[in-house]
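Engineer: Below is the structure I would like to discuss, written out as structure tokens.
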Amino acid sequence: MKKTVTYEVAIPAGIADGQAINIEGEGDCAVNGGPDGMTGSLMIAVRVQPHPILVRDGFDLHMELPISFTQAILGCKVKIPTIDGTGDLTIPPYTQTGTRHTLRGKGVKRLRQMGSGDLIIKVIVEMPQKLDRKTLQLIEALNASVDEREYTKRRLYNEKMGKM
């Protein structure tokens, strides 16, 4: 006999996309009625909606955080998404593109275990697409005032190029 049944199912924290929840005894009857009228299990496939910024990798969450070049030089405080809503992240002065910040325990709860993964934030320093003449002159003056020895990676690169 066919019937429609509604179930309330608790989805455990930390479940991943594609995993299944098994409710024993709520599936179809065995072929030919089976011994003792046994029934199979109801399998519920879980689909987890992707987050617009956070990307899941196991129990860790990853994100890229774009900041302006002035924020990178001066430092700043920015809002970031977390599993619990939003939080603040302090970007220290002189932050380089590619710098990673790890917030321990701010990832996905471990399924049937204690603890959570981490939230790993990769900083991307973004350059403006266009600047006016006055701003360019100010940046040229700034560039002229910075000691070349402050650019360690560029100095090492130039030294290697000089040996080629």
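The values are calculated or read from the model by the stated rules, or taken from the named source; none is laboratory data. Remember, it's a predicted structure, so these values are computed and weren't measured experimentally. Every residue, glycine as well, gets a Cβ built from its backbone with ideal geometry; the counts of neighbours run over all protein chains shown.
Engineer: Out of 77, 122, 134, report the one residue that is in a strand (DSSP E or B), without any contact (Cβ under 8 Å) to a residue 24 or more places away in the chain and closer than 26 Å to residue 151 by Cα.
Structural biologist: That would be 77, the only listed residue that is in a strand (DSSP E or B), without any contact (Cβ under 8 Å) to a residue 24 or more places away in the chain and closer than 26 Å to residue 151 by Cα.
Engineer: What's the number of the condition residue 98 fails, among (1) in contact with a Gly (Cβ under 8 Å, 6 or more places away or on another chain); (2) more than 17 Å from residue 74 (Cβ to Cβ); (3) assigned to a loop (DSSP other than H, G, I, E, B); (4) at pLDDT 95 or above?
Structural biologist: (1)
Engineer: To continue, here is another question. Kindly indicate whether residue 40 is within 30 Å of residue 21 (Cβ to Cβ), more than 23 Å from the chain's Cα centre (by Cα) and of a type outside the set (Ser, Thr, Tyr).
Structural biologist: It is true that residue 40 is within 30 Å of residue 21 (Cβ to Cβ), more than 23 Å from the chain's Cα centre (by Cα) and of a type outside the set (Ser, Thr, Tyr).
Engineer: Determine whether the range 83-92 contains at least one residue that is assigned by TED's automatic domain parsing to the domain that holds residue 57, without any contact (Cβ under 8 Å) to a residue 12 or more places away in the chain, over 27 Å from residue 57 (Cα atoms) and loosely packed, with under 12 Cβ neighbours inside 10 Å.
Structural biologist: Within the range 83-92 (the criterion being assigned by TED's automatic domain parsing to the domain that holds residue 57, without any contact (Cβ under 8 Å) to a residue 12 or more places away in the chain, over 27 Å from residue 57 (Cα atoms) and loosely packed, with under 12 Cβ neighbours inside 10 Å), the answer is no, since none of the residues qualifies.
Engineer: Could you tell me whether residue 9 is outside any strand (DSSP E or B), over 17 Å from residue 124 (Cα atoms), of a type in the set (A, V, I, L, M) and over 29 Å from the mean Cα position of the chain (by Cα)?
Structural biologist: Judged against the criteria, residue 9 is not a match.
Engineer: Also, quick follow-up: Any idea which of 112, 100 is exposed (fewer than 12 other Cβ atoms within 10 Å of the Cβ) and in contact (Cβ under 8 Å) with a residue 60 or more places away in the chain?
Structural biologist: 112
Engineer: Out of (1) part of a strand (DSSP E or B); (2) surrounded by fewer than 13 Cβ atoms within 10 Å (Cβ to Cβ); (3) at pLDDT 95 or above, what's the single condition that is false for residue 43?
Structural biologist: Of the numbered conditions (1) part of a strand (DSSP E or B); (2) surrounded by fewer than 13 Cβ atoms within 10 Å (Cβ to Cβ); (3) at pLDDT 95 or above, the odd one out for residue 43 is (3).
Engineer: Considering the range 128-164 alone, what residues qualify as being polar (S, T, N, Q) and over 20 Å from residue 70 (Cβ atoms)?
Structural biologist: Selection gives 152, 158.
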